[in-house]
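Novice: The structure's right below; bear with me while I get my questions together.
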Amino acid sequence: MTPPPMLRHGTRARGACAAAVAVLTLAVSAAVAIPAQAAGSTLQEAAAQSGRYFGTAIAANRLSDSTYATIANREFNMITAENEMKMDATEPNQNQFNFTNGDRILNWALQNGKQVRGHALAWYSQQPGWMQRMEGSTLRSAMINHVTQVATHYKGKIYAWDVVNEAFADGSSGGRRDSNLERSGSDWIEVAFRTARAADPAAKLCYNDYNIDDWSHAKTQGVYRMVRDFKQRGVPIDCVGLQSHFNPQSPVPGNYQTTIESFAALGVDVQITELDIEGSGSAQAESYRKVTQACLNVARCTGITVWGVRDTDSWRASGTPLLFDGNGNKKAAYTSVLNTLNAATPNPTTPPPTSPTPTTPPPTSPTPTTPPPTSPTPTPPPTGACSAALTIANSWNGGYQATVTVSAGSSSLNGWRVTLPSGVTTNNLWNGVLSGSTVTNAPYNGSVGAGQSTTFGFIGQGSAPGAATLSCG
């Protein structure tokens, strides 16, 4: 999940009787246009007919939910780890890597005949605590090592990597976002791409960002200039990811297809990487149709990924932005997307991307044969004094992303436990184990050296609490 700050002020559209009639009309008209030979009954089948994929973001801790896993397996053929392959999850302590949850998602995908998009190798957000404190050449070396180690671990098993995520600033400048990575030298993005190519030559390498959907926006133009420059100078870049988070106040732009065409004209693929559209009924269905049709109209738009399975799994859950409701029922938006995919001209000469043959055995972390326990296994009481501070990384109407930094005092920690502020509600937490309002360390980040720190994060529902010092023990 990569939240878009400029999209966090939307109210929710509500359907009515007229909306239902409009959806029915849309579904019927699209169905009439479906060629006889095109009859995909699932999103992945329908997309494959035109040589594209249709994917979703997966959270490892939800794979034990049978409804969730059934829908994901039936409908999608491209999988993105929601948080489990990000920097703080894969390298919680410097040069100590943990791939347990990332491997779990990868193994589930490959065992079910799916491909995987890697997300993300280098990002200003969700950095582990040790990296947040770095700068200059020290940070540059740490970034290169991180990209190398993670891409090498998954070598031959990832279809495409979001090598760099959200490096451009919002607003009218069209320039780069100020971050510790940017301050390490303005060539850091190029270095990340060249490092990723060396580590995994077969994976497609993508730049991914939000609010680059509108061709007239300065941010879009800034990314376009970078990609054009990279292509001209031979910097290895294969694709651009449009996150495409929309709501009624930030709708699908009228020039959305122009944006896709313009990037594609540079010689890169375009992938819609984190699609969700707040709303309901016919308005939401029509917005999903517009996005799907725009992708279908451009040959180098190779696939669409929605950011979650059911509305209740979304980081924007209150906006009901996905194709399935909280009970796993198909929504009008689902029917709209399926019919639009099925109405596309079949392209049997361009098969959908296939999973690469692994050059090394799959990761050794086994997929659990039984569901994980619903409550954490008791652990010994933590030792050592600690402190915890909560900061708000991003916020929007109805939710927010928070980061909690857990710091050791004068002695090292062997396990930690943090109590969240009263009123915090979340069903999406990473790098920790949640039980009620208490978060305990994950198996891989409980040991924190004296004076050092680690982090966990979560998506909260409702209004964001102020920055606060939390109880830690």
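Novice: Take the residues in segment 72-82 that are of a type outside the set (A, V, I, L, M, F, W, C) and open to solvent by less than 10 Å² (accessible area, probe 1.4 Å); name whichever of them is nearest to Ala46 (Cα to Cα).
Specialist: Within segment 72-82, the match that is nearest to Ala46 (Cα to Cα) is Glu75.
Novice: Which numbered condition in (1) in contact with a Phe, Trp or Tyr (Cβ under 8 Å, 6 or more places away or on another chain); (2) open to solvent by 50 Å² or more (accessible area, probe 1.4 Å); (3) under 14 Å from Leu390 (Cα atoms) is the only one that Ser453 fails?
Specialist: (2)
So that you can scan it fast, the table gives a plain yes or no per residue for (1) at pLDDT 95 or above; (2) aromatic (Phe, Trp, Tyr); (3) open to solvent by 10 Å² or more (accessible area, probe 1.4 Å); (4) under 25 Å from Ala120 (Cα atoms):
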| position | (1), (2), (3), (4) |
| --- | --- |
| Gln221 | yes, no, yes, yes |
| Val227 | yes, no, no, yes |
| Pro236 | yes, no, yes, yes |
| Ala264 | yes, no, yes, yes |
| Ala285 | yes, no, no, no |
| Thr302 | yes, no, yes, yes |
| Lys331 | yes, no, yes, no |
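Novice: Next up: Which fully enclosed strands (runs of 3 or more DSSP E) of segment 33-149 have 2 or more residues being under 26 Å from Val191 (Cα atoms) and either in contact with a strand residue (DSSP E or B) (Cβ under 8 Å, 6 or more places away or on another chain) or at pLDDT below 95 (or both)?
Specialist: Answer list for segment 33-149: 78-81, 115-123.
Novice: Mind listing just one residue for me: the one in segment 83-95 that is open to solvent by 10 Å² or more (accessible area, probe 1.4 Å) and more than 15 Å from the chain's Cα centre (by Cα) and, of those, farthest from Asn431 (Cα to Cα)?
Specialist: Result: Asn95.
Novice: Which members of segment 201-212 meet the condition of being open to solvent by 10 Å² or more (accessible area, probe 1.4 Å), more than 10 Å from Val163 (Cβ to Cβ) and in contact (Cβ under 8 Å) with a residue 24 or more places away in the chain?
Specialist: The answer is Ala202, Asn211.
Novice: How many residues are touching a residue at least 12 places away in the same chain (Cβ under 8 Å), under 28 Å from Ala333 (Cβ atoms) and either in a loop (DSSP other than H, G, I, E, B) or among the small types (Gly, Ala, Ser) (or both) when one looks only at segment 213-255?
Specialist: 14
Novice: Right, something else. Among the residues of segment 429-473, which ones are among the hydrophobic types (A, V, I, L, M, F, W, C) and in a strand (DSSP E or B)?
Specialist: The answer is Leu429, Trp430, Val433, Leu434, Val439, Val448, Phe456, Phe458, Ile459, Ala468, Leu470, Cys472.
Novice: Now a separate question. Quick one: in segment 156-200, of everything that is closer than 20 Å to Thr80 by Cα and of a type in the set (Lys, Arg), which residue is surrounded by the most Cβ atoms within 10 Å (Cβ to Cβ)?
Specialist: Taking the candidates together, the pick is Lys157.
The values are calculated or read from the model by the stated rules, or taken from the named source; none is laboratory data. All of these numbers come straight from a predicted model, not from anything done at the bench. Neighbour counts run over all protein chains shown; Cβ positions are idealised from the backbone, glycine included. Surface areas here come from the heavy atoms of the whole protein model, side chains and all, with no ligands, DNA or RNA. Shrake-Rupley method; radii C 1.70, N 1.55, O 1.52, S 1.80 Å.
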